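Enquirer: Mind having a look at this structure? Questions to follow.
The values are calculated or read from the model by the stated rules, or taken from the named source; none is laboratory data. Just so it is clear, the model here is predicted, and its values are computed rather than measured. Because the Cβ atoms are built from the backbone with ideal geometry, glycine has one as well, and the counts that use them run over all protein chains shown. These area figures cover heavy atoms from the full protein model, side chains too; ligands, DNA and RNA do not enter into them. Shrake-Rupley method; radii C 1.70, N 1.55, O 1.52, S 1.80 Å.
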Amino acid sequence: MGGELRDAADGGTFETVDPSTGEVLASVPQAGGVDVDDAVASANRAQPAWDRLGVRGRREYFEQLGAAIEERATELAMLDAIDAGNPYTAMLRDVGFALASLKDWPALALGLTGDVVPEASPGKNLHYTLYEPYGVVARIVPFNHPVLFAINSVLPPLIAGNAVVMKPAEQTPLSALAFGELAAEVLPPGVVNVVSGGAETGDALVTHRDIKRIAFTGSTATALKIQRRVAEFGLKHLSFELGGKNAMIVFPDADVEAAVAGAVNGMNLTVCQGQSCGSNSRILVHAQAYDAFLEGLRARFEAIRVGPAYAPDVEMGPLVSAAHRDRVLGYIASGKAEGARLVAGGGVPRGANGGYFVEPTALADVSMEMRIAREEIFGPVVSVLRWTDYSAMLEQANAVEYGLTASIWTNDLSVAHRTAQRLDAGYIWINDTSKHFFGTPFGGTKNSGLGREESMEELVSYCEQKAVHAILQDPEDALARIA
Ligand code: NAD
C-alpha cells in the first residue's frame, strides 16, 4: 500500500494453503483497521494527481502495467494454480483476459463524455454534465479467478480517475499481492493498494468514512451483510456481482452434441472446477433429448482428468478448501437422499492425497423441490431436470432466488428470443455458454446482483455525475461594443 510492501501494523498473519495437497504455502499479512486506514489515506493522497492525468495519461500507465504483467504472466498464473487450485493453463488464459482489459478500458473511457442539454432553456443557458471520480473506491473480490479479478477489479475505477483499495479473498491472496507489487513498481504510489485478510478486513474497508463507492463480487449472503452494515455509516454507492443457479434450457430440436459440449464448457470445470458464478449448474432438458443428453454428459464428465492444478495434462484441479469440498459433497449427498439419480462422479477421486478434489458430478431426475435445484453449490455439480411442457419449464427456470445467466439451446430463433425475454437473468446465451464480451453489460437480476460490469455502465458507476448551468448574458451590449 502507498507504493510499499509491508506487514500488518499489529503483525497479524494468516496462512494460505495449496488445495492440491492441503499443505500450507505461506503466511500472509492480515490487514487490520490501522492498515485499512493507511491504505485509504494513501489512496486519498494519490487520487487528485491521478485524476488530473486524464484518460490518455492514465492509459500510458496502463500500457506500462500491461508490459509488467506480461513479463510475469507465468508466475502469476502459477501462483493461482498453487493457491487456488485452478489449472495453470486456464490461469494463464485469465492473465491474457486481464491484459486485454488493460487495452479495452482506456478505449471505452475515451468515449465517456458528458452531455450538453440544449432543450432545457434554449438561448439563455448552457447546460452540460461532467463525470467525476468518487475519490477512493473499495473493491472486494472472491477466490475463483484470483488474478483476473484482482486486475480487472481495479481497472475500471482507475481509468475513471479513482484510486483503489482492493481486498482479495482470504483463500487466494498470493497472486493479488504479486499484482499489488507490480502495481507499486509501475503506478504512482497509493493509486492501487492491496489489503489481504478476511471478513474483518473487508468490514473495516466497507465501513470506512472515506469510502463512498464499494464494488463487491462474492456471495449473496455477504452482500446482504455489507448492505446492512454500511447503512450505519451513511450513504454509499454499492454494486454487487453475486451468485447464480443458472438455467440452461435444451429444446427438443437442439443439437444435443453441441448442447452437451456447451454444458461442459459452461460449467467452467477446466477453469475453476465449477466454482463459477455464471456456470449452467441447472440444466432443463426436453424429454425427447433427455437420455441422449445425459449419456453425452456422463461420457464427457468421466473423461475429464482431475489432479494437482500445476501438473501437466491435468484438466481440473481441487476445490479451494476442505470446508468447501465438504459443503459440495454434502450437496451431492442431499441430492441423492432427495431422490436424484447419480449419472457421473459423485465422490472424491482416487489418489486425492490430501487435496480437496471432487469428481465432475451430474445428478439427473432432479425436481425443483430439491435443494440441489435451488441453492448455489459452486462446485463441479450439475442438476439435470426433465421437461415436457414449455410454460411449466419456464416457471421452473425462474423459480430460484437468483438471476445471473441463462443459456438457451434450440434452432428455432423465434423460440430462442421469446424465451430470452421471459427468463429472469441478466446475461443470456443462445446456443452458447460461458463467454463474456467486453462492452456488453454483465450482471444479475434478483439476488444475483445490483449493477452491471464489463461495459460503459460499469465505467459510469465509478463516477458522480455533475450538472452545470451557465447563464448566457444577452450578447447585444458586447456586440454593440465590437461594432
Ligand atoms: P464470499 O462472499 O464468502 O467472499 C467474497 C469476499 O468477501 C472475500 O474477499 C471475503 O473475504 C469478503 N468478505 C467476507 N465477509 C465480508 C464482510 N462481512 N464484509 C466485507 N467483506 C467480506 O464469497 P466466496 O465464497 O469467496 O465466493 C463465491 C461467491 O462469489 C459465489 O456465490 C459466487 O457465485 C460469487 N461470484 C460472483 C461473481 C459475479 O461476477 N457475479 C463472480 C465470481 C464469484
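Enquirer: Largest first and to the nearest Å, give the Cα extent of the stretch 425-464 along each principal axis.
Expert: Projected onto the principal axes, the Cα atoms of the stretch 425-464 cover 38, 23, 10 Å.
Enquirer: At 0.36 nm per residue, minus the direct Cα-Cα distance, what do Leu130 and His237 gain on full extension? Give it in nm, one decimal, please. Kindly include the intermediate steps, with their values, before the conclusion.
Expert: Details: separation 107, 0.36 × 107 = 38.52 nm, distance 1.80 nm.
The span from Leu130 to His237 would gain 36.7 nm if fully extended.
Enquirer: What does the C-alpha gyration tensor say about the overall shape of the stretch 230-273? Classify as rounded when a/c is under 1.5, otherwise prolate if a/b is larger than b/c, or oblate. Present the calculation step by step, with values, prior to reporting the outcome.
Expert: On the way: a/c = 5.97, a/b = 2.73, b/c = 2.19.
Since a/c reaches 1.5 and a/b is larger than b/c, the shape of the stretch 230-273 is classed as prolate.
Enquirer: Also, quick follow-up: Could you work out [θ]222 nm for the chain from helices alone, using -39500 (n - 2.57) per DSSP H run of at least four and dividing by all its residues? Round to the nearest 500 deg cm²/dmol. It would help to have the intermediate numbers written out before the result.
Expert: Values: 17 runs with 201 residues, N = 483.
So the calculated ellipticity at 222 nm is -13000 deg cm²/dmol.
Enquirer: Considering amide H positions built from the backbone, and no H for Pro or chain starts, which residues 5 or more places from Arg282, or on another chain, come under 5 Å of its amide H?
Expert: For Arg282, whose amide H was placed from the backbone, the distant partners under 5 Å are Asn246, Met248, Ser383.
Enquirer: Here's another thing I want to ask about it. Explain nothing, just the number: relative contact order of the stretch 160-296, from Cα pairs under 8 Å at least 6 residues apart, as a whole percent.
Expert: Numbers: 154 pairs, mean separation 25.2, N = 137.
Normalised by residue count, the contact order of the stretch 160-296 is 18 percent.
Enquirer: Within the chain, how many lysine pairs that are 8 or more places apart, or on different chains, have C-alpha atoms less than 20 Å apart?
Expert: Lysine pairs, 8 or more places apart or on different chains, close enough: 14.
Enquirer: Along the charge dipole of the stretch 307-366, pointing to its positive end and built from +1/-1 on Cβ of Lys, Arg, Asp and Glu, which listed residue (Ala309, Gly351, Gly330) has its Cα farthest out?
Expert: Farthest towards the positive end: Gly330.
Enquirer: Return a whole-number percent for the relative contact order of the stretch 333-422, with Cα pairs under 8 Å and 6 or more residues apart as the contact set.
Expert: Working: 94 pairs, mean separation 18.9, N = 90.
Averaging sequence separation for qualifying contacts and normalising by length gives 21 percent for the stretch 333-422.
Enquirer: Now a separate question. Can you tell me the dipole magnitude for the chain around its Cα centre, using point charges on the Cβ only (Lys, Arg +1; Asp, Glu -1), in Debye to the nearest 20?
Expert: On the way: 39 positive and 59 negative charges, 125 e Å.
For the chain, the charge dipole is close to 600 debye.
Enquirer: Another question, then. Work out the FRET efficiency for Ala221 and Gln473 from their Cβ-Cβ distance, taking R0 = 51 Å, and round it to the nearest 0.05.
Expert: Details: r = 58 Å, r/R0 = 1.14.
Plugging the Cβ-Cβ distance into 1/(1 + (r/R0)^6) gives 0.30.
Enquirer: I would also like to ask the following. Quick one: putting +1 on the C-beta of Lys and Arg, -1 on the C-beta of Asp and Glu, what dipole do you get for the stretch 3-65 around its Cα centre, in Debye to the nearest 20?
Expert: Numbers: 6 positive and 12 negative charges, 121 e Å.
Charge dipole, the stretch 3-65, about its Cα centre: 580 debye, nearest 20.
Enquirer: Kindly express, to the nearest 10 degrees and within the range 0 to 90, the angle between helix 73-84's C-alpha long axis and the longest C-alpha principal axis of the chain.
Expert: Taking the Cα atoms of the chain, the angle to 73-84 is about 50 degrees.
Enquirer: Hey, can you find the accessible area per residue of the stretch 254-403 for me, probe 1.4 Å, expressed in square angstrom? Each step should come with its number before you reach the end.
Expert: Numbers: 5730 Å² over 150 residues.
Value returned for the stretch 254-403: 38 Å² of accessible area per residue.
Enquirer: Ok, one more. Compute log10 of I(q)/I(0) for the stretch 247-430 with the Debye formula, placing one identical point scatterer on every Cα and leaving out solvent, at q = 0.13, 0.16, 0.19 Å⁻¹, to two decimals.
Expert: Each listed q corresponds, in turn, to -0.61, -0.92, -1.28.
Enquirer: Okay, next question. Provide the descending list of Cα extents for the stretch 175-321 along its principal axes, expressed in whole angstroms.
Expert: 58, 38, 26
Enquirer: Modelled label-to-label distance, Asp210 and Leu5, 7 Å Cα→beta-carbon offset: nm?
Expert: 2.5
Enquirer: Rounded to a whole number, what is D in µm²/s for the stretch 43-103 from Stokes-Einstein with the Kirkwood radius over alpha-carbon pairs (25 °C, 0.890 mPa s)? Walk me through the intermediate numbers first.
Expert: Details: Rh = 13.0 Å.
Translational diffusion coefficient: 189 µm²/s.
Enquirer: Is the stretch 157-217 rounded, prolate or oblate when judged by the Cα gyration tensor, a ≥ b ≥ c being the square roots of its eigenvalues, rounded requiring a/c under 1.5 and prolate requiring a/b larger than b/c? Please list the in-between numbers first.
Expert: Values: a/c = 2.03, a/b = 1.09, b/c = 1.86.
It comes out oblate by the Cα gyration axes.
Enquirer: Would you mind classifying the stretch 92-171 by shape? Square roots of the alpha carbon gyration tensor eigenvalues, ordered a ≥ b ≥ c; an a/c under 1.5 is rounded, otherwise it is prolate if a/b is larger than b/c and oblate if not. Provide the component values of the computation, followed by the final result.
Expert: On the way: a/c = 4.48, a/b = 2.41, b/c = 1.86.
Prolate is the answer for the stretch 92-171, as a/c is 1.5 or above and a/b outweighs b/c.
Enquirer: Going by Cα centres, the stretch 418-478 and the stretch 367-393 are how many Å apart?
Expert: Each part reduced to its Cα centre gives a spacing of 30 Å.
Enquirer: Just going by the charge dipole of the chain, with Lys and Arg at +1 and Asp and Glu at -1 on Cβ, which of Ser101, Ala231, Leu155 is farthest out on the positive end?
Expert: Farthest along the dipole direction, towards plus: Ala231.
Enquirer: Still on this structure: Using alpha carbons only, how many degrees (0 to 90, rounded to 10) separate the axis of helix 146-159 from the longest principal axis of the chain?
Expert: 20
Enquirer: With the calculation restricted to Cα positions, what are the radius of gyration and Dmax of the chain in angstrom?
Expert: Reported Rg and Dmax, both Å: 24.4, 94.
Enquirer: Which of the listed residues, His286, Pro318, Gln275, is farthest toward the dipole's positive end in the stretch 271-323, when Lys, Arg count +1 and Asp, Glu count -1 at the beta-carbon?
Expert: Of the options given, the answer is Gln275.
Enquirer: Where does each of 340-351, 464-475, 290-301 land if you order them by average Cβ count within 10 Å, highest first?
Expert: Values: 340-351: 16.4, 464-475: 10.5, 290-301: 18.5.
Output ranking for 340-351, 464-475, 290-301: 290-301, 340-351, 464-475.
Enquirer: Take every Cα pair under 8 Å in the stretch 247-430 that's 6+ residues apart, average their separations, divide by the length, and report that relative contact order as a whole percent. Don't jump to the answer; show the numbers that get you there.
Expert: Details: 352 pairs, mean separation 48.6, N = 184.
Averaging sequence separation for qualifying contacts and normalising by length gives 26 percent for the stretch 247-430.
Enquirer: Can I ask one more? In a Debye calculation with equal point scatterers on the alpha-carbon sites of the stretch 69-123 and no solvent, what is log10 I(q)/I(0) at q = 0.12, 0.23, 0.30 Å⁻¹?
Expert: -0.46, -0.84, -1.08
Enquirer: Can I ask one more? Which value, in debye to the nearest 20, describes the size of the charge dipole of the stretch 247-430 about its Cα centre when Lys and Arg Cβ atoms bear +1, Asp and Glu Cβ atoms bear -1, and nothing else is charged? Could you put the intermediate results ahead of the total?
Expert: Values: 14 positive and 20 negative charges, 82 e Å.
Roughly 400 debye, rounded to the nearest 20.
Enquirer: At most 14 other Cβ atoms within 10 Å and a DSSP loop assignment: could you name the trypsin sites (Lys or Arg not before Pro) in the stretch 73-158 that fit? Don't skip to the answer; put the middle values down first.
Expert: Numbers: sites: Arg93, Lys103, Lys124, Arg139; in loops: Lys124.
Those satisfying the criteria are Lys124.
Enquirer: For the chain, take the longest principal axis of its alpha carbons; what is the angle in degrees between that and the long axis of helix 220-230, to the nearest 10 within 0 to 90?
Expert: So the inclination is approximately 30 degrees.
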